[in-house]
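Chemist: Would you mind keeping the following structure in view while I ask a few things?
The values are calculated or read from the model by the stated rules, or taken from the named source; none is laboratory data. None of the values given here were measured: they were computed from a predicted structure. In this analysis, Cβ positions are derived from the backbone assuming ideal geometry, glycine residues included, and neighbour counts consider all displayed protein chains. Ligands, DNA and RNA are stripped out before the accessible areas are found, and what is left, the full protein with its side chains, is counted by its heavy atoms. Shrake-Rupley method; radii C 1.70, N 1.55, O 1.52, S 1.80 Å.
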Amino acid sequence: MVMNAPKPPTREIVIHERIGELRAALFDRDRIVELRLERWSTHESRVRWGQIYAGRVTAIDGRIGGAFVDLGVGEPAFAPFGREREAELRVGAGVAVRVVREAEGGKGPALAYEGLAPQGPCPRLLEDATPWQGWPGEPREADEDEIDRIDAAFEAALQTEVPIAGGGRLTIERTRALTAVDVDSANRETGGTDPARFARGLNLAAVPEIVRQIRLRGLGGLICVDFTGPRRKGDAEALTKALISAFDAEKNGGVAAPKTEVLPVSRFGIAEIARQKRRQALADICLDVRGQPTAETLAIEGINRLAAALKGAKGRTVTLYAPAAPLAFLEADPIGWRQDIADTIGGQFQLRLGRPSQTQCEVVIA
């Protein structure tokens, strides 16, 4: 009797740890649909979505219906209790709380109250969470091809413009209040003389990429999509249904998807999407307020270029030239990258200040 070979899993968690950070990707039928990033610099100092803590209540604010809780890590966190609070929820009490939203934009983490803390010291971590929390299955290490794909996906997820299949593009811009997504025809072929039909085809083609980009980038809060026009009767309803269907699809296969609400597309062609915030968006980790790579982001890229160069240097000295801000990060070495290179690769290297116009870290082997 011939046994059928087991089918490969539909979804897989693939991880790649490089010097300075852990990158995780959720593959769905060989396509990357979500990304997560964990920096070494914040691993012990940042509260993560899904963790459970025994915290200590430091203040009660009845005006906003919640308690401020010291978790022993990062900023004070907030646990809402609504109109009424339980008698044991008082200043000084030890409470068990679950992190439902990470700190972002100057706001501390948001918590869900689970009851009184078990006996033991407070504050302390009761249950940790992995960077791939909420994804189905266990992770495996990426192979060389997958590393390249994951790296390319991270780079693309930080870009402002995204192509749409068949032509056209999305422009994604974040502000303090919301994320704006603009649908533009760009170089898409019209395929006819009916502008309304062309717009409908472009808008419907844009929907899967809009939802994919929201997931890849870890976007949350209010997201406004400006679809292109002109529009005909029924187009707004069709776009609303397409958006809802695309978001519903991400829940299949055991993914713990954020709660998402899609309002009907308006007569002006605007879709408003309210998506639960859980984790820091990739841009919050990698980019500064101007949308440029942070000193840490540039430094980590430089470190990994240095590591790759050292593997093929064959005894020659490798010099890493870096702009001033990432050079300061490299020299301070808050993540222990020097020791990691010494333990895993070895070789001779030196750091130098780059050219005045240089924006990226560069490596030279001499």
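Chemist: Given GLY55, GLY20, GLY50, GLY74, which one is over 19 Å from PRO258 (Cα atoms) and within 18 Å of the chain's Cα centre (by Cα)? Lay out the reasoning, then the answer.
Modeler: Details: GLY55 fails: within 18 Å of the chain's Cα centre (by Cα); GLY50 fails: over 19 Å from PRO258 (Cα atoms); GLY74 fails: within 18 Å of the chain's Cα centre (by Cα).
Within the list GLY55, GLY20, GLY50, GLY74, the selection yields GLY20.
Chemist: Additional query: When the residues of segment 230-285 are narrowed to those that are over 17 Å from VAL183 (Cα atoms) and among the hydroxyl-bearing types (Ser, Thr, Tyr), which ends up most open to solvent (accessible area, probe 1.4 Å)?
Modeler: Once the filter is applied, the top-ranked residue is SER245.
Chemist: Specify which of the listed residues (GLY55, GLY74, GLY66) is within 13 Å of LEU111 (Cβ to Cβ), modelled with pLDDT under 90 and open to solvent by less than 60 Å² (accessible area, probe 1.4 Å).
Modeler: Unique residue meeting the criteria: GLY74.
Chemist: Also, quick follow-up: Find all pairs meeting these conditions: Cβ atoms under 7 angstrom apart; at least six residues apart or on different chains; first residue within segment 66-83 and in contact (Cβ under 8 Å) with a residue 24 or more places away in the chain and of a type in the set (Asp, Glu); second residue surrounded by fewer than 16 Cβ atoms within 10 Å (Cβ to Cβ) and in a strand (DSSP E or B).
Modeler: Within 7 Å, the pairs are ASP70/THR58.
Chemist: Condition test on ILE172, is it modelled with pLDDT of 95 or more, in contact with a His (Cβ under 9 Å, 6 or more places away or on another chain) and either open to solvent by less than 50 Å² (accessible area, probe 1.4 Å) or among the small types (Gly, Ala, Ser) (or both)?
Modeler: No, not satisfied.
Chemist: On to the next question. At least 3 residues that are among the basic types (Lys, Arg) in each: list the strands (runs of 3 or more DSSP E) lying fully within segment 4-82 that qualify.
Modeler: Passing ranges, in order: 31-39.
Chemist: Restricting to segment 310-365, and then to whatever is of a type in the set (Lys, Arg) and free of Cβ contacts under 8 Å to residues at least 24 places away in the same chain, can you tell me which residue is farthest from GLU17 (Cα to Cα)?
Modeler: Taking segment 310-365 first, the residues of a type in the set (Lys, Arg) are 311, 314, 316, 338, 352, 355.
Checking which are free of Cβ contacts under 8 Å to residues at least 24 places away in the same chain leaves us with 314, 338.
Values: LYS314: 24, ARG338: 16 Å.
Ranking the candidates gives LYS314 first.
Chemist: Which number in (1) within 27 Å of ALA281 (Cβ to Cβ); (2) outside any loop (DSSP other than H, G, I, E, B); (3) at pLDDT below 95 marks the one condition that ALA196 misses?
Modeler: (1)
Chemist: Just checking, which of ARG39, ARG29 is of a type in the set (Lys, Arg) and on the phi > 0 side of the Ramachandran plot? Steps first, answer last, please.
Modeler: On the way: ARG39 fails: on the phi > 0 side of the Ramachandran plot.
Within the list ARG39, ARG29, the selection yields ARG29.
Chemist: Test ALA103 against the stated conditions and say whether it is open to solvent by 10 Å² or more (accessible area, probe 1.4 Å) and of a type in the set (Gly, Ala, Ser).
Modeler: Criteria met by ALA103.
Chemist: When you look at THR193, is it more than 30 Å from ASP288 (Cβ to Cβ) and surrounded by fewer than 17 Cβ atoms within 10 Å (Cβ to Cβ), yes or no?
Modeler: Yes.
Chemist: Check LEU178 against each of (1) open to solvent by less than 20 Å² (accessible area, probe 1.4 Å); (2) under 27 Å from the mean Cα position of the chain (by Cα) and name the one condition it does not meet.
Modeler: (1)
Chemist: Continuing with the same structure: Could you say which residue among GLU88, GLU34, GLU38, GLU17 is touching a Leu at 6+ places or on another chain (Cβ under 9 Å) and either among the polar types (S, T, N, Q) or open to solvent by 30 Å² or more (accessible area, probe 1.4 Å) (or both)?
Modeler: GLU88 is the lone residue from the list that is touching a Leu at 6+ places or on another chain (Cβ under 9 Å) and either among the polar types (S, T, N, Q) or open to solvent by 30 Å² or more (accessible area, probe 1.4 Å) (or both).
Chemist: Looking only at segment 107-125, count every residue that is loosely packed, with under 13 Cβ neighbours inside 10 Å and over 15 Å from PHE68 (Cα atoms) and tell me the total.
Modeler: Looking only at that region, the number is 4.
Chemist: Right, next: Check off (1) at pLDDT 95 or above; (2) part of a loop (DSSP other than H, G, I, E, B); (3) within 28 Å of GLY74 (Cβ to Cβ) for PHE154 and give me the number that stays unchecked.
Modeler: In the conditions (1) at pLDDT 95 or above; (2) part of a loop (DSSP other than H, G, I, E, B); (3) within 28 Å of GLY74 (Cβ to Cβ), PHE154 misses (2) alone.
Chemist: Kindly indicate which of LYS241, LYS311, LYS259, LYS251 is farther than 30 Å from ARG101 by Cα and out of contact with any strand residue (DSSP E or B) (no Cβ under 7 Å at 6 or more places or on another chain).
Modeler: LYS311
Chemist: What are the pairs, 6+ residues apart or on separate chains, where a residue within segment 289-302 that is more than 16 Å from GLU362 (Cβ to Cβ) has its Cβ under 8 Å from a residue that is open to solvent by 40 Å² or more (accessible area, probe 1.4 Å) and small (Gly, Ala, Ser)?
Modeler: Sorted first by the residue in segment 289-302, then by its partner, the pairs are GLU296/SER41.
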